[in-house]
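Step one of this worksheet: look at the structure below.
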Amino acid sequence: MRKGRFNEPAAELAQRYSESVSFDWRLYRYDIAGSIAHAAALAQAGIITADERRKIEKELRAIEKEIESGKFEWEQSLEDVHMNIETALTKRIGAAGAKLHTARSRNDQVALDLRLYVKAEIAELSAGLRSLQTALLNLSEQHVDVVMPGYTHLQRAQPIFLAHYLLAQIEAFARDAERLRDCNARTDVLPLGSGALAGSTIVLDRELMAQQLGFARVSQNSLDAVGDRDFVCEFLFCLAMIGMHLSRLSEDLITWSTHEFGFVEFSDAFSTGSSLMPQKKNPDMAELTRGKTGRLYGNLLSILTTLKALRSSYNRDMQEDKEALFDSVDTVRAALEVFSAMLPKIEINRARMEAAASDPNLFATDLAEYLVKKGMPFREAHEIIGKLVARSVTKETPLNRVPLAEMKKLSPLFDSDVANVFDIRRSLAARTATGAPSPKNVATQISRWVKLLRDR
């Protein structure tokens, strides 16, 4: 690239500072695919012969195999993955290789490589999400009738089924999968053919290249195509959201694994010990996942900050998008793999969960609704039950042991049937509204997710 315009070679320090091949070599598969499609378009346009096209494709395939086997030698002085592959190609087949970059710039080349990479990773991570959802679904089926307290503010709130909690996690990860699909729609646009920013006087069949590379659409503005990294930002946001959901799940499991809760126990295979305290069994996989979410947020913020002050078209600053992108992909992929393997081995302490769910105070709302069903306005019922709970606490009498006579002092609507309110199975069975945790609803949702996940 420097032979024409420059009289001196780049300083070694500058080369080291500006090289990206140490990390963007990961794009080789997509760079080669793009070059093969570009060669086909050049041949169609009469810029290269059919024989030159065959030579280019054959040698690019050979280079790809060398890279995959670890035999290919990357040269830092050639800056990036694009120039390394092109230089190797030209050395091997001569003039045909030198013709390959006709009507193409590294600007549209890297935009293409990134889009192909993101599309491929969306497919991989979507599969990882399905594996995680399946692990959660299996736990739901295995523990479908286990009752536990639901929490708000980390305070016991109302009884639910453990399966209802697990199904809630599946819903969250389903939104993540939906976001990835949505992101893919905006990523699925071919930028190749945009050149440096204004296309080329050598007109290539971009629709042909899009077809060969599996793109649904062709970009409509060359300036926008080379400067657009919206799809990277959106993808990093999707990964940050996955991380956030994994982190919240981790926080629940970490809390539940404490001696104070004792709801779950991590398997030995996914726990660590202490270098000092022999008794410790630490939930490090969940803690690491919670911690790594901060990196995902940081990667998203870094690319947003890099792009915010760039003028339209390509700027070298954009080279900074790749390390953040690769790191987030690696982080989320590893976390999904760990959780998909860890969850099936987690031990559920049914007795501890159901003992906690039997706390009579969890039925305070049911008591208020008991009065509402007898004609009392809810706000009045809420106040009465609040007073009843306060008396229960003061007298250290469980709410379900408060004498009926004491209840009647607060409202004559209380009757002997109030005892039924404290039947946890009856309470859950009555929660039949769509989305509520009745046994029937839970079973329906499990069946729905079995069909969605396993049939897929």
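The values are calculated or read from the model by the stated rules, or taken from the named source; none is laboratory data. None of these values were measured; they are calculated from a predicted model. No Cβ is skipped: glycine too gets one built from the backbone with ideal geometry, and neighbour counts run over all protein chains shown. Heavy atoms of the whole protein, side chains included, go into the accessibility calculation; ligands, DNA and RNA do not. Shrake-Rupley method; radii C 1.70, N 1.55, O 1.52, S 1.80 Å.
The slack in the chain from LEU404 to ALA443, taken as 0.36 nm per residue of separation less the alpha-carbon distance, amounts to 10.4 nm. Approximating the spin labels as points 7 Å out from Cα along Cα→Cβ, the ASN315-to-LYS345 distance works out to 4.8 nm. Full extension of the chain segment joining GLN220 with ASN7 gains 72.9 nm, where the gain is 0.36 nm per residue of separation less the Cα-Cα distance. Computed packing ranks the peptides 32-45, 209-222 as 32-45, 209-222, most packed first, by mean other Cβ atoms within 10 Å. With R₀ fixed at 25 Å, the C-beta to C-beta distance from VAL203 to ARG26 puts the FRET efficiency at about 0.20. Normalised by residue count, the stretch 1-157 yields a Cα convex hull volume of 211 Å³ per residue.
Centroid-to-centroid, using Cα positions, the stretch 376-441 and the stretch 291-306 are 47 Å apart. Loop-resident GluC sites (Glu not before Pro) (DSSP state other than H, G, I, E or B) in the stretch 40-130 with no more than 16 further Cβ atoms inside 10 Å of their Cβ: GLU73, GLU75. The distance separating the Cα centre of the stretch 338-352 from that of the stretch 55-78 comes to 45 Å. Computed with a 1.4 Å probe over protein heavy atoms only, the accessible surface of the chain comes to 50 Å² per residue. Using 0.36 nm per residue and subtracting the Cα-Cα separation, the extra length available between ALA436 and ALA334 on full extension is 33.4 nm.
Is the shape of the chain best called rounded, prolate or oblate, per the rule: a/c under 1.5 gives rounded, else a/b larger than b/c gives prolate, else oblate, with a ≥ b ≥ c the square roots of the Cα gyration tensor eigenvalues?
Note, shape of the chain comes out prolate.
Rounded to the nearest 0.05, the FRET efficiency derived from the C-beta distance between GLN155 and LYS91 at R0 = 60 Å is 0.30. Here the chain has 52 percent of its accessible surface on carbon and sulfur atoms, given a 1.4 Å probe and all protein chains in place. Remark: the chain carries a charge dipole of roughly 760 debye about the Cα centre, counting +1 on each Lys and Arg Cβ and -1 on each Asp and Glu Cβ. Selection among THR152, VAL118, ALA135 by position relative to the dipole of the chain gives THR152 as farthest towards the positive end (Cβ unit charges, Cα centre).
Please sort 277-287, 157-167 by packing, taking for each peptide the average over its residues of neighbouring beta carbons within 10 angstrom, highest first. Don't jump to the answer; show the numbers that get you there.
Details: 277-287: 14.8, 157-167: 22.7.
In descending order of packing, they fall as 157-167, 277-287.
For ASP145, project a label point 7 Å along Cα to C-beta. Then give me every residue of the stretch 154-183 with its amide nitrogen under 18 Å of that point. Within reach of a label on ASP145, which here means backbone N under 18 Å from a point 7 Å along Cα→Cβ, the stretch 154-183 contributes 160-165.
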